[in-house]
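Written out below as structure tokens is the structure these notes cover.
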Amino acid sequence: DTAVSQTPKYLVTQMGNDKSIKCEQNLGHDTMYWYKQDSKKFLKIMFSYNNKELIINETVPNRFSPKSPDKAHLNLHINSLELGDSAVYFCASSQDPPSYEQYFGPGTRLTVT
Amino acid sequence: DQQVKQNSPSLSVQEGRISILNCDYTNSMFDYFLWYKKYPAEGPTFLISISSIKDKNEDGRFTVFLNKSAKHLSLHIVPSQPGDSAVYFCAGGTSYGKLTFGQGTILTVHP
């Protein structure tokens, strides 16, 4: 049973396109996160949602919009993709209150050409 | 601003010996420090944590040490096993579960 799943695993697209990455967790957690791992391998938090409410919103271009239809899902929509958006994106979840012990998905490798 | 730094990109150790992974930080507001382990094509997995008010936490073969005055933490793995070969990330945690990660150290344990 996959605890935190992401689709797709790989995503190759052209500049200017709009794409979405889906995340689902079956752990019953109330808090979900999106992280970006850039080319220098740093994992940086982008957003977190607690019970469908935005908690953390780091300095991320507004082309990135998280959407939480329910507390088990946190999708990431990216508009007008740029070359610099190429990275691995990880979804994570944790118990409530938001916890440092976070369960990560396998990642989505996004390549923008 | 790189608040968490892992200055050794890689570490190679013989099976059965001790592995010591190091991490330095600059943000005095971290409440917790954590180590995550990552295998290729998988997400990071939580390994061990330590509160900022403690100086040591132990869990089986894994021990984390925190030196607040030096703003330094380390992870000791004893004895090291080939299955420990992975990328290890240290992280500092502040409010609402916000984690700030270092860039990782690749540990290779040779049989």
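Bear in mind that the values in this text are calculations on the coordinates, not laboratory data. Computed from a prediction, not measured in an experiment: that's the story for all the values here. Neighbour counts are summed over all protein chains in view; Cβ atoms, including those assigned to glycine, are modelled from backbone coordinates with ideal geometry.
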Pick from region A:79-100 the residues that are assigned to a strand (DSSP E or B) and surrounded by fewer than 22 Cβ atoms within 10 Å (Cβ to Cβ): which of them is nearest to the chain's Cα centre (by Cα)? A:88
Could you tell me whether any residue of region A:64-76 is surrounded by 14 or more Cβ atoms within 10 Å (Cβ to Cβ), in contact (Cβ under 8 Å) with a residue 60 or more places away in the chain, out of contact with any Pro (no Cβ under 6 Å at 6 or more places or on another chain) and in a strand (DSSP E or B)? no
Select from region B:74-101 the residues that are within 9 Å of the chain's Cα centre (by Cα) and within 14 Å of another protein chain (Cβ to nearest Cβ) and write down the one among them that is nearest to residue B:12 (Cα to Cα). B:88
Residue hits (region B:25-59; more than 10 Å from every other protein chain (Cβ to nearest Cβ), in contact with a Cys (Cβ under 9 Å, 6 or more places away or on another chain) and either free of Cβ contacts under 8 Å to residues at least 40 places away in the same chain or within 20 Å of residue B:69 (Cβ to Cβ) (or both)) are B:25
Of all the residues that make up region A:23-45, how many are assigned to a strand (DSSP E or B), in contact (Cβ under 8 Å) with a residue 24 or more places away in the chain and either under 19 Å from residue B:92 (Cβ atoms) or in contact with a Leu (Cβ under 7 Å, 6 or more places away or on another chain) (or both)? 9
So residue A:110, is it part of a strand (DSSP E or B) and either surrounded by 19 or more Cβ atoms within 10 Å (Cβ to Cβ) or at the interface with another protein chain (Cβ under 8 Å from one of its Cβ atoms) (or both): yes
Against the definition (hydroxyl-bearing (Ser, Thr, Tyr), more than 22 Å from residue B:97 (Cα to Cα) and within 14 Å of chain B (Cβ to nearest Cβ)), how does residue A:39 come out, yes or no? yes
